[in-house]
Every structure is written in structure tokens, then in C-alpha cells.
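As C-alpha cells, the structure follows; a few thoughts come after it.
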Amino acid sequence: MKDISCKLLVIGAGPGGYVCAIRAGQLGIDTVIVEERKPGGTCLNVGCIPSKALIHAAEEYDRIVHLASGANPLGIRTTQPEIDLSQTIAWKDTIVGRLNSGVSGLLKKSKVKMVQGRARFRDGKTVEVETETGRQIIRAENVVIATGSAPVELPSLPFGGTVISSTEALSLTSVPDRLMVVGGGYIGLELGTAFAKMGAKVTVVEAQARILPQYDAELTRPVSKRLQALGIEVMTRAKAKGLAKGGSALLVETESGSEVSLPADRILVTVGRRPVTQGWGREELVLDMDGPFIRIDERCRTSMRGIYAIGDVTGEPMLAHRAMAQGEMVAEIVAGHQRVWDKRAIPAVCFTDPEIVAVGMTPDEAHKIGSEVRIGQFPFAANGRAMTRLGEEGFVRVVARADNHLVLGIQAVGQGVSELSAAFGLAVEMGARLEDIAGTIHAHPTQGEAFQESALKSLGRELHI
Ligand code: FAD
């Protein structure tokens with residue numbers, strides 16, 4: 001196989017890698033991208049997209065179950081629905097397939113050469129790819145490591161048999177009767193909620209004192225309430241110790257220190273993700289590390305000249321949109337543009353029921369950096385659109401500096417608030433003041449009005465409460 005030389009080589013075609021390659025191609029950089037699996041990475045194949053497809057199907061099913069119960073106030077009568085999970089999964093796979101082709105098409109359009117196979121550094125400028133037809137040597141002036149992350153495996157609960165990761169959970173073709181979820185972070189709760197809505201009896205085992213510990217308790221309260229309403233049992237300060245009864249039960253150490261054996265058809269382990277820092281020849285390089293992650297500077301440069309790293313392999317928050325923004329920036333840096341990582345805020349969305357959005361600082365974080373803050377909070381119970389959607393649970397909260405009203409952070413919990421994340425991100429990124437949000441005409445009736453009202457409330461000028 002003839003050797004290839006290029007200006008930019010990207011290893012990994014997840015959201016970080018493929019965006020980097022597309023932008024580089026657009027800028028006329030001679031670019032090659034190597035991917036061992038499918039274009040789109042974790043996000044498109046076994047992460048963001050498939051999980052949201054499953055969540056949507058579960059929500060639709062749950063809505064009809066609720067309507068069929070006769071207890072709904074909308075005046076709609078229907079009969080009990082059924083769900084065929086194998087068909088749901090087939091539908092999800094067609095969406096993933098269409099997007100896989102979409103990513104390949106975009107790379108092609110940007111004149112990026114795609115090589116299928118596993119990449120491995122030989123030295124800082126040379127990478128060897130094991131392809132189906134042989135070894136391909138690629139020499140590059142610049143290399144971007146975008147190898148992403150993988151599910152963390154617990155030594156006491158190795159994957160296999162009844163023990164599954166999020167990857168397998170997204171391809172189950174029947175709803176397990178009893179699902180144990182180990183880890184009450186966003187991935188476990190999103191999937192646990194979806195399976196509970198589809199009829200599984202779900203138990204969440206969380207080692208910490210509460211679920212979603214990265215969000216403040218006020219934001220997670222409506223989610224806890226809904227989990228309870230869905231019949232999901234949440235065991236906090238509890239530790240999964242291993243399998244019992246030949247794999248058909250989970251051994252759990254409860255808060256009181258006693259051990260219980262809980263029957264389970266599936267045990268979904270979602271205790272975090274680890275960066276993929278092995279299997280691509282890191283040992284041939286001298287890269288400084290930051291704990292388990294590759295250390296990068298504000299230009300995503302590693303400690304080796306000409307080698308960049310982006311996305312999950314570089315640290316928290318492990319989110320697709322962070323990876324994409326880093327990828328775009330690195331392509332521009334390689335093209336000679338003056339770019340640094342100057343993002344004020346990376347939105348974090350939790351697609352639970354209700355959803356949570358957080359951008360920038362929470363009140364506690366603002367206090368910690370010594371800012372005197374004003375907080376405006378507006379409940380969806382006072383928002384007309386939320387009422388008409390039976391979504392009165394939750395609120396929008398704006399955190400701003402007390403002196404000059406600069407918005408430091410915005411959080412919300414409520415039905416469909418993920419779609420408000422763009423407005424929240426824009427406000428923080430552009431350095432909006434409370435007056436900017438309060439003075440923007442928000443369409444009526446929308447949930448976005450709660451955003452405007454929270455700014456008005458902070459200024460002591462609320463109109464609808
Ligand atoms: P990845 O997407 O992990 O891509 C890395 C790619 O590199 C992979 O395709 C891999 O095959 C390839 N690779 C690795 N080593 C090699 C090698 N040696 N040679 C060739 N190729 C290689 N994030 C959000 O922002 N929103 C969400 O709603 C969301 N939901 C999620 C739900 C689930 C269930 C999971 C698991 C994750 C979710 N995430 C979400 C996280 C998101 O998927 C990641 O943050 C994102 O995919 C990281 O992108 P990346 O480009 O860094 O790496």
C-alpha cells in the first residue's frame with residue numbers, strides 16, 4: 001500500500017474528529033481522517049443520538065399509556081398501547097445509518113480522505129493504520145488525537161451476560177422486566193427513565209448521597225419526584241458489590257451497611273466514561289497527562305509539537321458539543337488563524353424527565369469566586385405554555401452579578417428545556433446583562449417567556465407572578 005503524506009491527520013471520527021476534519025478541508029488543508037469503526041463516534045453510534053431516539057419512543061409510549069389510563073384531563077380516550085422494542089431499535093438504527101452517511105458525505109464534500117482502520121503512532125509524525133487490506137503508513141505535519149472515551153467497567157461487575165453498558169442497552173430488543181442501573185449520573189438516569197416508561201421495573205443504585213450530583217439539589221428535585229412517580233426506586237449511598245444467584249441478582253451494600261441481593265434481568269453499569277488513551281501507540285510518544293486525560297493548553301496543543309488532542313480524551317465536560325468546538329478551533333489553528341479557547345460557557349443538558357439545562361455558574365459557584373449575586377427564578381407553574389403542555393414542574397433561574405447585572409449563569413429544569421439551551425448559551429457567551437434579557441421581546445405563549453420573566457424578577461420588575 002502506497003504511503004500517504006498530508007498536512008493534517010485526525011485520529012477518530014467522533015464529533016471532535018469529524019468536525020475538525022471537515023473544517024480543515026473547508027480551509028483547503030490536505031486532511032486525512034482515520035476511524036476504526038463508524039463515522040460519528042460514540043455520539044452518533046452509541047451515545048447522544050441513539051439514546052435520544054430511545055427516550056423519544058419511551059416518552060411517546062408513556063404518553064399514550066397515560067392517556068389510556070383515563071385519568072388524563074385532556075378529554076382524549078384511547079386503548080392501551082403496545083411497544084415492540086425491536087422495531088424501535090430498527091427505527092433508531094435507520095436514523096444512525098442516515099447520519100453515518102451524512103458525516104461521510106460531509107467529509108467527502110470537504111475533500112477529506114477517510115481511511116478505515118485502527119491507527120497507531122510509530123513516532124510523532126508517522127501513523128500506521130491496520131486496514132482490511134493491509135498496513136497504511138500516513139505521514140503528517142500535524143496530528144489530532146480524537147480517540148474519545150469508553151464506558152468504565154467495574155471489576156466486580158465485568159461487562160457480559162446480564163451486565164451491560166450503555167452501548168448494549170441501546171440495542172436491547174426486548175424490555176427487561178427488572179433493570180438495575182448502577183450509577184445515577186445522566187446516562188443511567190436517561191436510560192433508566194426510558195426503560196421504566198417502556199414497562200421495566202427499574203432500580204437505581206447510586207454511591208453518593210443523591211442522584212446527578214453535578215447539578216444542585218434544587219435542579220434535581222423535580223427529576224427525583226418524577227422518578228418516584230414512574231415507580232423507579234433510587235437507592236443512594238448504596239454500593240453495587242457484584243453478582244449474586246448465578247448472575248440473576250445484584251448484590252448491593254445499602255446505606256445502613258447491610259447487604260441485599262436484588263433480582264435483575266439486566267444490570268446496566270453507568271458509572272462514568274474513561275478516556276481512550278491506549279491502543280493507538282501513546283507509548284511511542286512523550287505526552288504529558290492530566291490524570292487519565294491528555295494534557296492540553298488553551299489551543300488544544302499537547303506537550304509534543306504538532307500534536308493536538310480534542311474531545312473526551314482531554315477531560316471534562318465529556319460532551320459532544322465541546323469536542324466539536326475544539327475540533328473546529330484546532331482546524332483553524334492549523335490553517336494559521338489566531339484562535340484560543342475563549343468559551344465562557346459550555347451548556348450541559350440532561351435529557352431526563354423533566355430535562356435539566358445548566359450554562360455558566362450556579363449561585364454557589366458565583367459565591368465561591370467572591371461575586372455578590374442577584375438571582376431571578378421563575379416557575380413554569382406561572383407560564384401559560386407550560387400549563388397547556390401539562391408541564392408546570394420546574395423553573396428558570398438566572399444568576400447575575402449584583403453590581404453590573406452581568407449574567408454569570410442560567411439554569412432550568414422543566415419539560416422540553418433542552419431547547420432553551422441555545423438562548424441561555426448565547427446570553428452567557430455574549431456577556432448579556434439582565435436588562436438585555438428583560439428587554440428582549442419573547443414570543444407568547446412559549447416557555448422562553450419564563451427566561452425573560454426570571455431576568456425581570458431579578459430586577460424587581462416581574463409581570464406575571
Ligand atoms: P468519540 O465520539 O468517542 O469518538 C472517538 C472515535 O475515535 C470513535 O469513533 C473511535 O472508534 C475512534 N478511535 C479510537 N481509537 C482509534 C484508533 N486507534 N484508530 C482509529 N479510530 C479510533 N454528549 C452530549 O453532548 N449530549 C448528549 O446528549 C450525550 N448523550 C450521551 C449518551 C450516551 C449513552 C453516551 C455514552 C454518551 C453521550 N454523550 C453526550 C457524550 C458524547 O457521546 C461524547 O462526549 C462525544 O462522543 C465525544 O466525542 P469525541 O469526538 O471526543 O469522541
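Throughout, read-outs are computed from the coordinates displayed, never taken from laboratory work. If you're wondering where the values come from, they're calculated on a predicted model, not measured in any experiment. Don't worry about glycine lacking a Cβ; one is built from the backbone with ideal geometry, like all the others, and counts go over all protein chains shown.
If each DSSP helix of 4+ residues adds -39,500 (n - 2.57) and the sum is divided by the residues in the chain, what number results at 222 nm, nearest 500 deg cm²/dmol?
-9500 deg cm²/dmol
Ranked from highest to lowest mean number of other Cβ atoms within 10 Å per residue, what is the order of the peptides 291-299, 143-151?
In decreasing order of mean packing, 291-299, 143-151 become 143-151, 291-299.
Taking neighbour Cβ counts within 10 Å as the exposure measure, how do Val334, Val357 sort from fewest upward?
Lowest count first: Val334, Val357.
What distance in nm separates the two pseudo spin-label positions at Met430 and Ala217, each 7 Å out from Cα along the beta-carbon direction?
3.7
In the structure shown, do any of Lys52/Lys108; Lys201/Lys241; Lys38/Lys241; Lys197/Lys457; Lys368/Lys457; Lys38/Lys111 have a Cα-Cα gap over 30 Å, and if so which?
Those over the limit are Lys38/Lys241; Lys197/Lys457.
Compute the projected area of the convex hull of the Cα atoms of the chain, averaged over all viewing directions, and report it in nm² to one decimal place.
One quarter of the hull surface, i.e. the mean projection, equals 25.0 nm².
Going by C-beta contacts inside 10 Å, put Arg385, Arg344 in order with the fewest on the left.
Ordered by Cβ neighbours within 10 Å, fewest first: Arg344, Arg385.
Can you give me the Cα centroid spacing of the range 51-73 and the range 213-279 in angstrom?
About 24 Å separates the Cα centre of the range 51-73 from the one of the range 213-279.
For a protection proxy built on the mean count of beta-carbon atoms within 10 angstrom, sort 393-399, 57-63, 89-95 highest first, please.
With the highest mean Cβ count within 10 Å placed first, the list reads 393-399, 57-63, 89-95.
Which order do the peptides 27-39, 121-133 take when ranked by the mean count of other beta-carbon atoms within 10 Å per residue, highest first?
With the highest mean Cβ count within 10 Å placed first, the list reads 27-39, 121-133.
In whole Hz, with x marking every Gly and Pro, tabulate ³J(HN,Hα) for the range 456-465 from phi via Karplus 6.51 cos²θ - 1.76 cosθ + 1.60, θ = phi - 60°.
4, 5, 4, 8, x, 10, 4, 10, 10, 8
Using 0.36 nm times the number of residues separating Arg299 and His444, minus their current alpha carbon distance, what extension gain do you get?
Taking Arg299 through His444 to full extension adds about 48.0 nm, to one decimal.
For the range 301-397, count all C-alpha to C-alpha pairs, find those more than 22 Å apart, and express that count as a whole percent of the total.
Summing the P(r) of the range 301-397 above 22 Å gives 52 percent of all pairs.
For the chain, what is the percent of antiparallel DSSP beta bridges, rounded to the nearest 5?
60
Can you compute 3J(HN,Hα) from phi for each residue in the range 200-206, using the Karplus curve 6.51 cos²θ - 1.76 cosθ + 1.60 with θ = phi - 60°, rounded to whole Hz and x for Gly and Pro?
Karplus values, whole Hz, x for Gly and Pro: 6, 8, 10, 10, 10, 10, 10.
Determine, at each q value in 0.13 (inverse angstroms), the log₁₀ of I(q)/I(0) that the Debye formula gives when each Cα of the range 333-465 is one equal point scatterer.
-0.52
To the nearest 0.05, what FRET efficiency results for Asp403 and Lys7 with a Förster distance of 56 Å applied to their C-beta separation?
Computed FRET efficiency for Asp403 and Lys7 comes out at 0.70.
Suppose the chain between Glu392 and His66 were pulled fully straight at 0.36 nm per residue; how much longer would it get relative to their current alpha carbon spacing?
Here the segment from Glu392 to His66 would lengthen by 115.7 nm.
Would you mind getting the Kirkwood hydrodynamic radius of the range 35-176 from its Cα pairs, rounded to one decimal in Å?
It works out to 18.8 Å.
Sorting Ser110, Ser256 on the 10 Å Cβ count, fewest up front, what's the list?
Ser256, Ser110
I'd like the Karplus ³J(HN,Hα) series for the range 259-268: coefficients 6.51, -1.76, 1.60, θ = phi - 60°, whole numbers in Hz, and an x wherever there's a Gly or Pro.
Those phi angles translate into 9, 10, 10, 10, x, 8, 8, 9, 10, 8 Hz.
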